[in-house]
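Input: a single structure, listed below in structure tokens.
Bear in mind that the values in this text are calculations on the coordinates, not laboratory data. Just so you know, these numbers come straight off a predicted model, no measurement behind them. Every residue, glycine among them, receives a Cβ derived from its backbone with ideal geometry; neighbour counts consider all protein chains shown.
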Amino acid sequence: MEYIALTGIADSLIEVLKRHHLRTLEIRSPQNFVGVLGLNAGDSVLLTSTSLQDLTDGTQGLIAKVLQKQVSVHSVVSSNELYIEEREAMSARIQLECKCVARIKNVISNELGKPVRVDAREISCYEAR
């Protein structure tokens with residue numbers, strides 16, 4: 001099945017999601033942010049600790065269902081007598097529910113600035129590799 005993949009997610013966070021089944025993540029990295037923009041509530045997403053550059057066939061990850069998504073903009077203004085500087089940063093918060101562990105069969109799209117798309121299948125608990 002085809003999924004949007006979020007890469008470089010901390011192993012500890014993936015383990016917490018496995019144990020507690022429901023968690024909210026704040027996504028700030030540009031590549032993962034682009035991926036989250038392509039998701040809606042009810043969609044499934046693949047999370048992996050593997051970096052974007054190292055994503056290959058056989059990479060393991062966690063499939064989770066998106067329960068909620070929220071995109072926000074943070075604005076910071078600083079100034080002194082000579083200048084005014086304004087900075088904005090966008091982030092997305094997604095609430096996820098753990099579904100299963102999966103293995104990537106094929107990386108469909110891994111282009112910078114576009115969502116990472118993979119074809120993955122669920123790993124049965126008795127399957128070894």
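Whose amide H sits under 5 Å from the amide H of T59, counting only residues 5 or more places off or on another chain, with H placed in the peptide plane?
I104
Could you line up T59, T50 from fewest to most neighbouring Cβ atoms inside 10 Å? Show your work: numbers first, answer last.
Values: T59 20, T50 16.
Fewest to most other Cβ atoms nearby, the residues stand as T50, T59.
Tell me what the chain gives for mean residue ellipticity at 222 nm when only DSSP H runs of n ≥ 4 count, each as -39,500 (n - 2.57), the sum divided by the residue total, rounded to 500 deg cm²/dmol.
Numbers: 2 runs with 18 residues, N = 129.
Counting only the DSSP helices, I get -4000 deg cm²/dmol.
Shape of segment 1-56 from its Cα gyration tensor (a ≥ b ≥ c, root eigenvalues): rounded if a/c is under 1.5, otherwise prolate when a/b > b/c, or oblate?
On the way: a/c = 1.42, a/b = 1.10, b/c = 1.30.
Note, shape of segment 1-56 comes out rounded.
Which whole-Hz couplings ³J(HN,Hα) result when phi for each residue of segment 91-107 is put into the Karplus expression 6.51 cos²θ - 1.76 cosθ + 1.60, θ = phi - 60°, listed in order with x for Gly and Pro?
Running phi through 6.51 cos²θ - 1.76 cosθ + 1.60 with θ = phi - 60° gives 9, 10, 10, 10, 9, 10, 10, 5, 10, 6, 8, 9, 10, 6, 8, 7, 8 Hz.
For segment 1-68, run through the trypsin sites (Lys or Arg not before Pro) and keep only the ones in DSSP coil with at most 12 other Cβ atoms within 10 Å of their Cβ.
Counting only loop positions with at most 12 other Cβ atoms within 10 Å, the trypsin sites (Lys or Arg not before Pro) in segment 1-68 are R28.
Multiply the residue separation of Q68 and E81 by 0.36 nm, subtract the distance between their alpha-carbon atoms, and state the gained length in nm to one decimal.
0.4 nm
Please give, to one decimal in nm, the separation of the simple spin-label points placed at R28 and E88, each 7 Å out from Cα toward the Cβ.
1.8 nm
For I27, which sequence-distant residues (separation of 5 or more, or a different chain) have an amide H within less than 5 Å of its own amide H, given hydrogens modelled in the peptide plane?
Answer set, sorted by chain and number: A92, R93, I94.
With the cut-off at 1.5 for a/c, could you classify segment 2-121 from its C-alpha gyration tensor as rounded, prolate or oblate? Spell out each step's value before the answer.
Working: a/c = 2.41, a/b = 1.81, b/c = 1.33.
It is prolate, given that a/c is not under 1.5 and a/b is the larger ratio.
Out of the DSSP beta bridges found with both residues in the chain, what percent are antiparallel (nearest 5)? Mind showing how you got there, number by number?
Values: 39 of 42 bridges.
In the chain, DSSP labels about 95 percent of beta bridges as antiparallel.
Looking only at G35, G61, G113, which one moves most when the chain is put into a Gaussian network model with springs between Cα atoms under 10 Å?
Sorting by GNM fluctuation, first place goes to G113.
Suppose the chain between I108 and S51 were pulled fully straight at 0.36 nm per residue; how much longer would it get relative to their current alpha carbon spacing?
Result: 18.9 nm gained on full extension.
Which of the lysines could be linked to K18 by a straight reach, that is with a Cα gap under 16 Å, when you skip same-chain ones fewer than 8 residues away?
K65, K99
Can you give the relative contact order of the chain as a percent, counting alpha carbon pairs under 8 Å and 6+ residues apart? Let's see the in-between values first.
On the way: 283 pairs, mean separation 41.3, N = 129.
Across the chain, relative contact order equals 32 percent.
In straight Cα distance, which lysines are under 20 Å from K114, not counting same-chain residues fewer than 8 positions off?
Cross-link targets: K69, K105.
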